[in-house]
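Reading through the structure tokens given below for one structure.
Every number here is computed from the coordinates shown, using simple stated rules; none is lab data. Values in this document were obtained by computation on a predicted structure and should not be read as measured data. We place every Cβ from the backbone using ideal geometry, glycine too, and count neighbours over all the protein chains shown.
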Amino acid sequence: MCSPLRKKLPDFPWDALAPYGVKARKHPGGMIDLSQGTPVDPTPEFIQKVLAESANSPSYPTTAGTPDLQEAIRTWATSHLGITGEFDVLPLIGSKELVAWLPTFLQSQVVLYPRVAYPTYLVGAMLAQAQEIAVDIDAASWPKADLAWVNSPANPTGRVHTDAEYRAVIDWSRKNHSVVISDECYLEFGDGVTPTSIFNYTDGDNTNILAVHSLSKRSSLAGYRAAFMVGDPALIAAIREIRKHAGMMVALPVQKAMTQALKDDAHVAQARARYNARRATLTPALIAAGFRIDDSVAGLYLWCTRNEDAWASVDWLAELGILATPGTFYGPDGASHIRIAMTATDAAIADAASRINAAIKG
């Protein structure tokens with residue numbers, strides 16, 4: 001029997017989308033799934049090769065990661081995040097694992113997260129039995145809390161934090177002696193802007209600051225469950241000790257694949273160009289259909305609205321065989337928006353644009 005103090009987790013949101021998937025599949029051309037951000041482009045062959053060559057892995061891997069992987073993450077963080085001062089690194093079994101369990105690891109009592117946000121921020125606070133508070137972007141308005149999530153480029157909106165917004169977050173952290181973790185999993189996917197890491201603004205003092213990064217999208221490694229965190233050495237040391245007890249070890253073949261993936265930027269540039277080209281293909285069709293694109297200057301998604309209930313927009317697209325995500329999955333403030341993922345093939349994106357254009361022409 002469950003404890004009466006345990007918080008009931010929200011229903012898994014994707015279950016509510018299932019009937020619209022049924023409708024979309026009835027389209028003569030089949031369904032084009034632009035709902036979940038699941039990569040469809042092949043994992044680069046040089047990464048697959050490393051994984052295959054490392055398949056003979058009879059021993060337990062270390063929680064801290066191999067020395068080679070630690071060095072690769074450190075080198076990447078220095079060159080890509082602009083981090084200075086003392087910092088440590090730690091591989092993760094995908095970034096969702098950290099998002100869900102960090103408040104529990106840190107025994108947080110009050111957790112802040114963006115009003116429109118990846119739903120696992122809320123779930124992680126609930127798993128920790130913490131008070132969860134949705135907040136605006138401006139950290140000057142935030143209440144006191146143990147832990148705050150920042151997400152830039154944001155999922156689902158594609159919004160990028162300004163320099164002033166980052167500095168306000170750091171000021172809040174230092175004033176309240178609170179942990180800030182910056183979810184930067186889409187950092188390398190700018191479109192017309194160049195997103196920056198929170199570590200550009202810490203001036204070498206990384207106390208209470210962490211960032212989480214994922215190889216799922218940048219390297220098409222979602223199936224590998226490969227991610228890592230960077231930041232405050234004391235916090236990472238404490239988290240590493242908990243993970244040792246819990247058995248949260250990244251598989252050794254995956255660690256070796258991560259090491260090579262982080263040493264190559266060319267495949268990331270190709271992925272960024274691919275996603276941005278898909279955005280450019282679909283955006284005009286959506287605008288012609290009466291949608292307004294908000295933010296969406298980075299990441300893999302279009303955040304759009306026709307100033308109607310999100311489910312009405314989802315239903316309209318489902319009639320065309322296109323499955324999108326209602327903004328309500330990301331909080332009440334997303335009630336009139338939908339999120340459209342660029343994680344479909346070039347041909348599927350072009351087909352979606354054609355279907356939309358044909359529908360508005362009658």
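Quick one: of the DSSP bridges fully inside the chain, what percent are antiparallel, nearest 5?
Antiparallel: roughly 55 percent of the beta bridges in the chain.
Once the mean 1/r over all distinct Cα pairs of segment 251-296 is inverted, what Kirkwood radius in angstroms do you read off? Intermediate results must be reported in sequence, preceding the final value.
On the way: mean 1/r = 0.0755 Å⁻¹.
After inverting the pairwise mean of 1/r, the radius is 13.2 Å.
Determine the calculated [θ] at 222 nm for the chain from helices alone, applying -39500 (n - 2.57) to every DSSP H run no shorter than 4 residues and normalising by the residue count; nearest 500 deg cm²/dmol.
That comes out to -12500 deg cm²/dmol.
Distances over 14 Å make up what percent of all Cα-Cα pairs in segment 60-119?
Roughly 70 percent, rounded to a whole number.
Within a 10 angstrom radius of the beta carbon, how do 157, 78 rank from fewest other beta carbons to most?
Taking fewest neighbouring Cβ atoms as first place, the list is 78, 157.
Determine by what factor the alpha-carbon radius of gyration of the chain differs from 2.2 N^0.38 Å, reporting the quotient. Mind showing how you got there, number by number?
Details: Rg = 20.5 Å, N = 362, 2.2 N^0.38 = 20.6 Å.
Here the Cα radius of gyration is 0.99 times the empirical estimate.
Between segment 51-99 and segment 101-177, how far is it from one alpha carbon centroid to the other, in angstrom?
When both Cα centres are located, 24 Å separates them.
Looking at segment 59-261, what % of its DSSP beta bridges pair antiparallel, to the nearest 5?
Taking every DSSP beta bridge with both residues in segment 59-261, the antiparallel ones total about 40 percent.
What's the Cα-based Rg to Rh of segment 253-338, Rh via Kirkwood? Let's see the in-between values first.
Details: Rg = 16.6 Å, Rh = 14.8 Å.
Result for segment 253-338 is an Rg/Rh of 1.12.
For 336, 313, which order do you get if you count the other beta carbons within 10 Å of each Cβ and list the fewest first? If you can, show how the numbers build up before the last one.
Working: 336 17, 313 25.
With the sparsest Cβ surroundings first, the list reads 336, 313.
Going down the list 26/96; 8/96; 26/217; 23/96; 8/144, which pairs span over 21 Å between their C-alpha atoms?
Result: 26/96; 26/217; 23/96; 8/144 exceed 21 Å.
Please check the chain for the longest run free of trypsin sites (Lys or Arg not before Pro) that are loop-located per DSSP (anything but H, G, I, E, B) and have at most 15 other Cβ atoms within 10 Å. Mind showing how you got there, number by number?
Working: sites that count: 6, 7, 8, 26, 115, 144, 263.
Of all site-free stretches, the longest is 145-262.
What's the angle, to the nearest 10 degrees (0 to 90), between helix 266-288's Cα axis and the longest principal axis of the chain?
The angle comes out near 40 degrees.
Give me D for segment 59-261 in µm² s⁻¹, whole number, from Stokes-Einstein with Rh from the Kirkwood sum over alpha-carbon pairs, 4 °C and 1.567 mPa s.
Approximately 77 µm²/s, per Stokes-Einstein.
Just for the Cα atoms in segment 119-236, what are the lengths along the principal axes, largest first, rounded to whole Å?
38, 33, 29
Taking H placed 1.01 Å from N in the peptide plane, check which residues at least 5 places from residue 322 or on another chain put their amide H under 5 Å from its amide H.
It is 32, by chain and number.
Give me 281, 202 ranked fewest to most by other Cβ atoms within 10 Å of their Cβ, as a rough exposure proxy. The partial results should precede the final answer.
Details: 281 16, 202 25.
Listing 281, 202 from fewest to most nearby Cβ atoms yields 281, 202.
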